[in-house]
Structures are given as structure tokens and as C-alpha cells.
1. Mind listing just one residue for me: the one in segment 145-163 that is at pLDDT 80 or above and hydroxyl-bearing (Ser, Thr, Tyr) and, of those, surrounded by the most Cβ atoms within 10 Å (Cβ to Cβ)?
2. Being farther than 15 Å from GLU138 by Cα, touching a Ser or Thr at 6+ places or on another chain (Cβ under 6 Å) and of a type in the set (A, V, I, L, M, F, W, C) is the filter here, so list the residues in segment 1-56 that pass it.
3. Out of the strands (runs of 3 or more DSSP E) lying entirely within segment 1-104, which hold 1 or more residues that are among the aliphatic types (A, V, I, L, M) and in contact (Cβ under 8 Å) with a residue 60 or more places away in the chain?
4. Got at least one residue in segment 65-73 being modelled with pLDDT of 95 or more, surrounded by 17 or more Cβ atoms within 10 Å (Cβ to Cβ), over 26 Å from ARG7 (Cβ atoms) and aromatic (Phe, Trp, Tyr)?
5. Residues being in a strand (DSSP E or B) and at pLDDT below 90: count how many of those fall in segment 120-135.
6. Under 23 Å from VAL111 (Cβ atoms), among the small types (Gly, Ala, Ser) and either crowded, with 17+ Cβ neighbours inside 10 Å or within 11 Å of the chain's Cα centre (by Cα) (or both) - does that describe any residue in segment 23-30?
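The values are calculated or read from the model by the stated rules, or taken from the named source; none is laboratory data. Predicted, not measured: the structure shown is a model, and the values here were computed from it. Positions of Cβ are backbone-derived with ideal geometry, glycine not excepted, and every protein chain shown enters the neighbour counts.
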Amino acid sequence: MLHVRTRSVDATRQVAAALEPLLRPSDVILLSGDLGAGKTAFVQGLATALGVREPVTSPTFNLASSYEGRLRLHHLDVYRLDNPAEVLDLDLPELLEDEAVMCIEWGEVVVPELPRDFLRIRIQLGHLEDIDDARVLEIESTGPAWMSREQELSLAWAKWITDQTEDS
């Protein structure tokens with residue numbers, strides 16, 4: 001499991017952007033964390049890096065949004081789902097076959113419906129050196145497709161950390 005610390009919402013977006021070069025069609029990213037932890041900010045950073053030009057907002061009320069970029073991006077928020085059977089209302093199986101990158105906020109409820117390969121990112125608010133916007137991202141690879149990229153993931157985020165240190 002990798003751990004990345006950020007000092008601001010913008011830095012959380014930058015961490016997501018560092019992931020973009022490693023993305024492949026049909027990749028699934030499951031995001032979890034408390035309200036306001038930065039799940040949507042993470043997706044915004046990823047979308048910008050993918051070349052999405054339209055604003056990315058939380059799909060809490062419409063449950064799913066799609067965006068065009070280098071790869072198509074499906075952004076789901078399943079917070080309001082009460083049970084796994086409601087996943088069918090989202091057309092999740094069809095979305096998974098679309099060869100798009102899929103980011104799912106509050107995705108724990110749909111894990112049984114996901115492919116065996118996904119990247120789990122837990123975002124926790126955490127005061128870091130008295131910085132209120134600090135976050136800790138715990139990144140866990142699940143399945144062989146993501147596990148085979150763990151070294152690349154580590155290098156991408158290590159480069160991001162180095163860049164941040166040089167900018168300071």
C-alpha cells in the first residue's frame with residue numbers, strides 16, 4: 001500500500017494528474033473517504049490531465065457523469081445507493097464494458113460488481129504540520145493489472161513529491 005500526503009485540495013488534484021499517464025482503457029478507481037475529503041477533487045485533477053475541457057462536478061444527485069478526453073471518463077457517486085441491487089439502475093455492467101476509465105466515489109457498496117482489477121484510494125483528512133487542507137491518500141492495488149503497475153505508481157508519485165519539494 002502506498003501513502004501520499006498532500007497539503008491542499010490543489011495538491012490532491014496534482015496527485016491524481018500524476019496517475020494519468022499510467023491509465024489504460026477499462027481501468028477502475030474506487031475512491032473512499034469522509035464527506036469533503038477530496039474524492040471529487042481527485043477526479044477533477046484526473047479529468048484535467050486526461051484533457052477533459054468541461055467542468056467536473058460531483059455526480060451525487062445524477063449518480064453518473066461521462067466526460068471525453070484522451071480516454072473517456074465515467075464518474076460515479078454511489079453514496080445514495082441503499083443496496084447492491086441498485087447498481088443495475090446505473091448500468092454499471094454496460095459502463096464497465098465501455099473501455100473508459102471509471103472513478104467511483106463511495107464505491108464500497110459496488111465492490112462485488114467490479115472487475116477483479118481496480119485501484120482503491122482512501123482519502124483521509126489529516127492535519128499535517130498545522131495545515132488544515134492536508135490529506136493522506138492510501139493507494140491499494142487490487143488484482144494483477146494494477147499490481148503489475150505498482151512500481152510505476154510508486155515512481156509517478158515519488159516524482160510528484162520530488163517536484164513539490166523542488167518548488168518549495
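1. By that ranking, first place goes to SER154.
2. Hit for segment 1-56 is ALA41, nothing else.
3. 2-6, 28-33
4. yes
5. First, the residues of segment 120-135 that are in a strand (DSSP E or B): 120-125, 128, 131, 135.
Now drop any that are not at pLDDT below 90, which leaves 125, 128, 131, 135.
Total meeting the criteria: 4.
6. Scanning segment 23-30 turns up no residue that is under 23 Å from VAL111 (Cβ atoms), among the small types (Gly, Ala, Ser) and either crowded, with 17+ Cβ neighbours inside 10 Å or within 11 Å of the chain's Cα centre (by Cα) (or both).
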